[in-house]
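The values are calculated or read from the model by the stated rules, or taken from the named source; none is laboratory data. Quantities reported herein were computed from a predicted structural model and do not represent experimental measurements. Heads up, the Cβs are rebuilt from the backbone with ideal geometry, glycines too, and the neighbour counts pull from every protein chain shown. Quick note on the areas: whole protein, heavy atoms, side chains included, nothing else; ligands and nucleic acids left out. Shrake-Rupley method; radii C 1.70, N 1.55, O 1.52, S 1.80 Å.
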Amino acid sequence: ITVDASGLSCPQPVLMLRRTIDKLTGGTVEVFVDSGTSRDNCTSAAQKAGWQVRAEERSDGGYRLVLTR
């Protein structure tokens, strides 16, 4: 599952992420965001919901978050 929140500012990426992970009991979710703030906020929200998060910086300056549970 992929959540592309590129180009959106907070709180929209977190809201998109929560809508997606609240429907899941586990698996892998990719999240794309543009800013460090969105990266940090999405990471925090996912971890509070019980997901493990790995963040990778993309060549375009954005971030790819890989959530697993």
Margin query: Name the residue that is nearest to residue 17 (Cα to Cα), counting only residues in segment 40-57 that are surrounded by fewer than 17 Cβ atoms within 10 Å (Cβ to Cβ) and in contact with a strand residue (DSSP E or B) (Cβ under 8 Å, 6 or more places away or on another chain).
Written below: 47
Check: Any idea which of 37, 25 is open to solvent by 70 Å² or more (accessible area, probe 1.4 Å) and assigned to a helix (DSSP H, G or I)?
Finding: 37
Item checked: Output for segment 36-69, where each listed residue is closer than 17 Å to residue 24 by Cα and among the charged types (D, E, K, R) -> 48, 69
Notebook entry, point to check: Among the residues of segment 5-22 satisfying the criterion of being open to solvent by 80 Å² or more (accessible area, probe 1.4 Å) and part of a helix (DSSP H, G or I), which is nearest to residue 68 (Cα to Cα)?
Noted result: 18
